[in-house]
2 protein chains.
Amino acid sequence: MADTASVPLRVSIPQLEAFIERAFEAVGISKSEAGIIAELMVRADVQGSEGHGVFRLPQYIRRIKGGAVNVKPNIRLAREAAGMALVDGDNGMGHLVMRFATHKAIEKARESGIAWVGVRKSNHAGPASLYATMPLEHDMIGLYLAVGNANHLPPWGGIDMLLSTNPIAVAIPADDELPVVLDMATTVAAYGKVKTKAQRGEMMPEGWMVDREGKPLLDPKRASEGFLLPIGGYKGYGLALIIGLLAGTLNGAAMGKDVVDFNADDTTPTNTGHVIVAINVEAFQPIAQFKQSVDTLVRDLRNSRTLPGVERIHLPGEGSYAARADRLENGIPLSAPLLASLNQLAGELKIAVLG
Amino acid sequence: MADTASVPLRVSIPQLEAFIERAFEAVGISKSEAGIIAELMVRADVQGSEGHGVFRLPQYIRRIKGGAVNVKPNIRLAREAAGMALVDGDNGMGHLVMRFATHKAIEKARESGIAWVGVRKSNHAGPASLYATMPLEHDMIGLYLAVGNANHLPPWGGIDMLLSTNPIAVAIPADDELPVVLDMATTVAAYGKVKTKAQRGEMMPEGWMVDREGKPLLDPKRASEGFLLPIGGYKGYGLALIIGLLAGTLNGAAMGKDVVDFNADDTTPTNTGHVIVAINVEAFQPIAQFKQSVDTLVRDLRNSRTLPGVERIHLPGEGSYAARADRLENGIPLSAPLLASLNQLAGELKIAVLG
């Protein structure tokens, strides 16, 4: 970071939200729904999920213009029972669909103790933790699963890419401590990290990817000649498969060879599948007691003696909360190439540029 | 296996069940409940989960004699709502408690579409897949989580063992294909595998364990000087933590420093926590359609081209079904040391020996 030219510009949260809102309005989404999407996308940037926030805007707009996404969706319940619901997203923007599904899960969990809401005919919805954390303010646990929107993973021992990095996120409320928020892909590295390495001209560490001979692939510019490795070998393969069966197949959403690569295709609906589960802690025990138990556990883990050279123990989600504190204080950092691409988009859409 | 002395003896399923039943009756468990435990323990051996079947009998009996386990439990619902229940196992044998909880989950999921049943005050219950697979015959998906009964895992970067190998199992019904059954610990190797290596005088591969300096630990006889490694580094640490929060903390069961090492302690109740979730596929889509989709996916994965040297693609659970076919045909293999320990137990309990 010695090179001042690489220090990213900062934009304010309201500025960025207003820009995203203008962009979606320009392609036919209503002002109110454009505002909702903008708020959720910026929330991704605020929590430091840079690969899943405004960075995706040009791609989302391209796919809307290509006819791949429905700008006037009728998002509705396709099925419902006491402990579950199935949401049909009518091919709307994933953020709108997942917001609808998560609100439904929270509402149902108040009565039922827990609600599992499956989603089909949705689209890319940003980072997994965006939805897993929504139940927290209702003193509920959130659990999110999804089928990724591009296959980069073969079955263990295979070379045909039939699986995605299918993520899982779980958010658990605490008392004085930060909530515990796990948000992970089932591959050693998410594909976005490979792209970042390529952009920076850096090599990847061994263990991220292999080529079609099974040999380590270190040059991210050759990423298309190989595939990602799952965590724990066959275990991560099993996890990616199971998450895909629950979030995709069970909901009637795309899985396996039906997954559309939304990076390469601007015209085909993805039929993205997700699951959001809301667990009402009060159904199990008094919420105050639970939060205190989580605090105690978090402190015990943090106070563990460390390996040589390890400064401190981290809890899942701490990084996001640190990013959040920084962004709320200083605004959202945008790299020069990202800012250029957003202002190019502004020109194409004939809307006011950012800032 | 050239050494014929090491070829294990085979006993029939009814013989082994009757023996286990006699053992539990001898320490005060009713004949009917002893029969249920015996059937479930042998089912573990039938599916090839050798470390979780009759192998555990001497330890279970030792803990009952030590007063750590209640032989006359009043297993009951502590809380219930439409989508959930919380079972209090009254410190009974884990098999009885988890059978009760799983039956409750299946029954509730018929009405509610899905049921999440938490369990506290239970004990070690055998392999995770034993309960995850129970919903299959009701055309339901099963999902099981548990807190392990000994801590072998520190938080990532730490050296204090505050986490267990907390397993997850998920079973998904198929049509002509075998069900997809994932059953995995969140560590690279389960601790049982380390014990097996020690027994055989073999070294462990790098990546299973490290010592307190963070250096690879290869000699399984030095296992107590180090700890297991989680899959995917900090990701597996996060998974073990989240599973423990859901299966332990949320249910009011032991987690973190409260976990009792049931290998070393014969007198303290473990307050083991589990979760079983039953998902009624018919709530989401017609079961026939779902099973056909699973078959198609399984075949697509199996038909993937392979890496050099890989004979074929495996689906999670295939190994267990192959073991099952063998055991049903040929009986349960028992190693000479295991048979000796069982017949020593028979002497102590003054019951008829095996076979």
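Going by what's in this entry, would residue A:277 be described as crowded, with 21+ Cβ neighbours inside 10 Å and at the interface with another protein chain (Cβ under 9 Å from one of its Cβ atoms)?
Judged against the criteria, residue A:277 is a match.
The test for being in a helix (DSSP H, G or I), of a type outside the set (Phe, Trp, Tyr), within 14 Å of chain B (Cβ to nearest Cβ) and surrounded by 14 or more Cβ atoms within 10 Å (Cβ to Cβ) does not hold for residue A:341. Residues considered: A:221, A:193. Of these, the only one that is in contact with a Phe, Trp or Tyr (Cβ under 8 Å, 6 or more places away or on another chain) and part of a helix (DSSP H, G or I) is A:193. Just one of the listed residues (B:244, B:347, B:319) is modelled with pLDDT of 95 or more, within 10 Å of another protein chain (Cβ to nearest Cβ) and outside any strand (DSSP E or B), and it is B:244.
Every residue, every condition in (1) buried (at least 21 other Cβ atoms within 10 Å of the Cβ); (2) farther than 15 Å from residue A:123 by Cα; (3) in contact with a Pro (Cβ under 8 Å, 6 or more places away or on another chain), yes or no:
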{"site": "A:16", "(1), (2), (3)": "yes, yes, no"}
{"site": "A:31", "(1), (2), (3)": "no, yes, no"}
{"site": "A:54", "(1), (2), (3)": "yes, yes, no"}
{"site": "A:62", "(1), (2), (3)": "no, no, no"}
{"site": "A:66", "(1), (2), (3)": "no, no, no"}
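Scanning the stretch B:249-264 for residues that are out of contact with any helix residue (DSSP H, G or I) (no Cβ under 8 Å at 6 or more places or on another chain) and either outside the structural domain of residue B:90 (by TED's automatic domain parsing) or within 18 Å of residue A:143 (Cβ to Cβ) (or both) yields a single hit, B:251.
Residue A:99: among the basic types (Lys, Arg), under 17 Å from the mean Cα position of the chain (by Cα) and in a strand (DSSP E or B), yes or no? First the steps, then the outcome.
Working: among the basic types (Lys, Arg): yes; under 17 Å from the mean Cα position of the chain (by Cα): yes; in a strand (DSSP E or B): no.
When the stated conditions are applied, residue A:99 does not pass them.
Screening residue B:233 on (1) on the phi > 0 side of the Ramachandran plot; (2) surrounded by fewer than 23 Cβ atoms within 10 Å (Cβ to Cβ); (3) at pLDDT 95 or above shows it passes everything except condition (3). Is it true that residue B:336 is among the aliphatic types (A, V, I, L, M), free of Cβ contacts under 8 Å to residues at least 40 places away in the same chain and in the same structural domain as residue B:14 (by TED's automatic domain parsing)? No, not satisfied. Summed over the stretch B:126-175, residues that are outside any loop (DSSP other than H, G, I, E, B), over 28 Å from residue B:324 (Cα atoms) and more than 13 Å from every other protein chain (Cβ to nearest Cβ) total 0. Considering the conditions (1) over 24 Å from residue A:279 (Cβ atoms); (2) assigned to a helix (DSSP H, G or I); (3) of a type in the set (Gly, Ala, Ser), residue B:105 is excluded by exactly one of them, (1). Applying the criterion of at least 3 residues that are in contact (Cβ under 8 Å) with a residue 40 or more places away in the chain and under 18 Å from residue B:262 (Cβ atoms) to the helices (runs of 4 or more DSSP H) found wholly in the stretch B:1-91 leaves B:31-46, B:57-65. Quick one: in the stretch B:291-305, which of the residues that are facing chain A (nearest Cβ under 9 Å), in a helix (DSSP H, G or I) and among the charged types (D, E, K, R) is farthest from residue A:158 (Cα to Cα)? Only one residue tops the list, namely B:300.
The values are calculated or read from the model by the stated rules, or taken from the named source; none is laboratory data. Treat the numbers as computed from the prediction; the structure is a model and nothing was measured. Because the Cβ atoms are built from the backbone with ideal geometry, glycine has one as well, and the counts that use them run over all protein chains shown.
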